[in-house]
Amino acid sequence: MDDVTARRADSARRAVVAVWRIEAAKIVAVLTRYTGDFALAEDLAQEALAEALEQWPERGLPRNGAAWLTQVGKRRAVDHWRRQERYADRIAALGHDLEREQDAAADAVPWDPDEIADDVLRLVFTACHPALPQQARVALTLRVVGGLETAEIARAFLVPVATIQQRIVRAKQALADAGVPFETPSRAERPARIAAVLGVLYLIFTEGHAATEGDDWMRPDLALEALRLARILAALQPDEPEVHGLLALLELTAARFPARVDAQGAPVLLADQDRRRWDRGAIRRGRAALRRAEGFGRGLGAYGLQAAIAECHAVAPSVEATDWRRIVAAYEGLERLRPSPVVALNRAVALSMADGPDAGPAAALAIVDGLAGERALAASHLLPSVRGELLARLGRDAEAAGAFALAAERTRNARERAVLLARAASPRR
Amino acid sequence: MQYMLIMRDSDEAIEASKDIPFEQIIEAMGKYNEAMMQAGVLIAGEGLTDASEGFVVDFSHETPLITDGPYGETKELFNGFWILEVASREEAAEWASRCPLGPGSKLEVRRVHGVEDFPADNEWIEKEIGWREEQAERRAAQQG
């Protein structure tokens, strides 16, 4: 293949992928409604995508890609049932409908515009169902709601493609085994189910912005994908304050991405970031989402409170000029909602900044030392790295160096380790 | 990556739109905006009022010269914009081609600057670009 042909083929492929990214959730949702079987619908949708990838680059893009893909999916459903020799009467009826639909309008929207948003929401709840392990929820959500290809998901999580494929196959089987209906949860179940969805989006985001293993400090594509999914959810579930709280948190955190790595790709801590590089547009959107979350007047949830903390940083011209009192208060709220040693540790850091150069670090160190026995922090680099910082500020250099060295030993992120080792060598920076 | 969709209307397009009921235009645009919001790609967007309310500030002279709109010699007028956050140029093109506009209207689609676009003679930026390429290569290596 010569260069021009190759480039054209590549561009056509990307055009298919672009349409898929926009339409995947709706197509899977509509095929689930059509077949009454989520696992089958997902297979059919993937078959339709494969067919598009084969045909569109050669024949050109159809006028209405969504209709084309949905039609192929439906035809494959009929083929599937025919092979199974089941539902004979249903097949005849469906086949007839299908022909009529095709004749009627290739340009028509291939779903009921009044129902599609609810169907996509059902899809979100299905992909994030508690019957599934967390990793499976993440993979399934990225594929069916985000419209990502398996290879893309695998690349984002640095695992082999086969691993993601397996997770998705098992997830679909688990949903079928559990007889999970294609429904939005009942009123009683709702809070827990919404929390599960938010948890999946948060996990995708954090996986993107702080890789737990390996050399990549940031994998921004995944974080942006989580942001997109959060925006989708905010459009589908505008009445849930925490959805806006999560969206606010993600926007305000992503706003700092441009300043989070230095020229060598090493992480830059909040205190040292060039705040002029923060994304003002993202800050504006994040603050708007936070105001919306607060506007319900029911108090902020755990994501909303974290967003409020991120907002304090986002609007502050410098570390010193940050409203640390408000941050301490938000962490106190967070501790009441979700008591955890990690939150206590963060509150200690905020307190160290709020209470003056000597009293602050001393009070914080007392909290931090009180957490020494916490099992949740026993293997983490967080406790010793915070301890190192506080000791350094109190002028106890030798102890600080020891704490930083311990933290460096514990982190699994190569770039973070380099930062901690540098502090161990020179605790006061 | 972010793209700006800039709506450019010719006089004939503006004239022609006067024959279409306002409600109909609002509804079509509303649906378009809603679709982009529900897809999580719409970052910002505004429509602009009639050019007669606007003016042009021209910097060709010693002191900036202000001319009231509409601006006689201009063939096309900017009438609004959207900013989308998408994964590819093709995705921006797909959204742009779905815009409910008619003959005489154009969408100019431009990519919004990211960190990667700052002047390359800046040492900091150069290093950052090098680092990003390194990451991309590593990813490619992991893939294949």
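Values in this text are rule-based calculations from the coordinates and carry no lab data. It should be emphasised that the depicted structure is a prediction, and the values quoted were computed from it without experimental measurement. Cβ placement follows ideal geometry from the backbone for every residue including glycine, while neighbour counts extend to all protein chains displayed.
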(request) Using a/c under 1.5 as the rounded threshold, could you call the stretch A:185-283 rounded, prolate or oblate? The axes a ≥ b ≥ c are square roots of the C-alpha gyration tensor eigenvalues, and prolate needs a/b larger than b/c, oblate otherwise. (result) prolate
(message) Contact order normalised by length for chain A, with contacts defined as Cα pairs under 8 Å and 6 or more residues apart; what percent is it?
(response) 10 percent
(request) Set the Förster distance to 22 Å, then compute FRET efficiency between A:Ala6 and A:Asp221 from the Cβ-Cβ distance, nearest 0.05. (result) 0.40
(request) Quote to one decimal, in nm, the extra length available between A:Ser380 and A:Asp177 on full extension: 0.36 nm per residue of separation minus the C-alpha distance between them. (result) 69.4 nm
(request) DSSP loop (so not H, G, I, E, B), at most 16 other Cβ within 10 Å: list which trypsin sites (Lys or Arg not before Pro) in the stretch B:19-108 pass both filters. (result) B:Lys75, B:Arg98
(request) Given the options A:Val419, A:Val261, A:Val109, state which has the largest fluctuation in a GNM of chain A using a 10 Å cut-off (strictly under) for Cα springs. (result) A:Val109
(message) Mean-square fluctuation check for chain A, GNM, Cα pairs under 10 Å: which of A:Phe257, A:Phe182, A:Phe296 is largest?
(response) A:Phe296
(message) Whole angstrom only: what separates the Cα centroid of the stretch B:33-109 from the Cα centroid of the stretch A:123-196?
(response) 39 Å
(message) Please report the spacing between the Cα centers of the stretch A:7-28 and the stretch A:322-356 in Å, no decimals.
(response) 45 Å
(request) Kindly express, to the nearest 10 degrees and within the range 0 to 90, the angle between helix A:280-295's C-alpha long axis and the longest C-alpha principal axis of chain A. (result) 90 degrees
(request) Would you mind calculating the relative contact order of the stretch A:331-429 from Cα pairs under 8 angstrom and at least 6 residues apart, reporting the percent as a whole number? (result) 20 percent
(request) Specify the angular offset, from 0 to 90 degrees and rounded to the nearest 10, of the alpha carbon long axis of helix A:220-236 from the longest principal axis of the alpha carbons in chain A. (result) 70 degrees
(request) For the stretch A:252-357, state which GluC sites (Glu not before Pro) are in a DSSP loop and have at most 11 other beta carbons lying within 10 Å of their beta carbon. (result) A:Glu320
(request) Name the shape class, rounded, prolate or oblate, that the alpha-carbon gyration tensor gives for the protein assembly as shown, where a ≥ b ≥ c are the square roots of its eigenvalues, rounded holds for a/c under 1.5, and otherwise prolate holds if a/b is larger than b/c and oblate otherwise. (result) oblate
(message) If I stretch the segment between B:Thr67 and B:Ala16 completely, what's the gain in nm (0.36 nm per residue apart, minus their alpha carbon distance), one decimal?
(response) 15.7 nm
(request) Report the relative contact order of the stretch A:185-283, percent, no decimals, based on alpha-carbon pairs under 8 angstrom and at least 6 residues apart. (result) 20 percent
(request) For each of A:Ile153, B:Ile26, A:Ile309, B:Ile83, count neighbouring Cβ atoms within 10 Å of the residue's Cβ, then give the residues from fewest to most. (result) B:Ile26, B:Ile83, A:Ile309, A:Ile153
(request) Would you mind telling me which residue in A:Ala139, A:Ala376, A:Ala263 has the biggest mean-square fluctuation in a Gaussian network model of chain A, where springs connect alpha carbons within a distance under 10 angstrom? (result) A:Ala263
(request) Relative to the longest principal axis of the C-alpha atoms of chain A, give the angle of the C-alpha long axis of helix A:3-35, reported between 0 and 90° and rounded to the nearest 10°. (result) 80 degrees
(request) Convert each backbone phi in the stretch A:241-251 into a coupling constant with the Karplus relation 6.51 cos²θ - 1.76 cosθ + 1.60 (shift: θ = phi - 60°), then list the ³J(HN,Hα) values in order as whole Hz, x for Gly and Pro. (result) x, 5, 4, 6, x, 5, 4, 4, 4, 5, 4
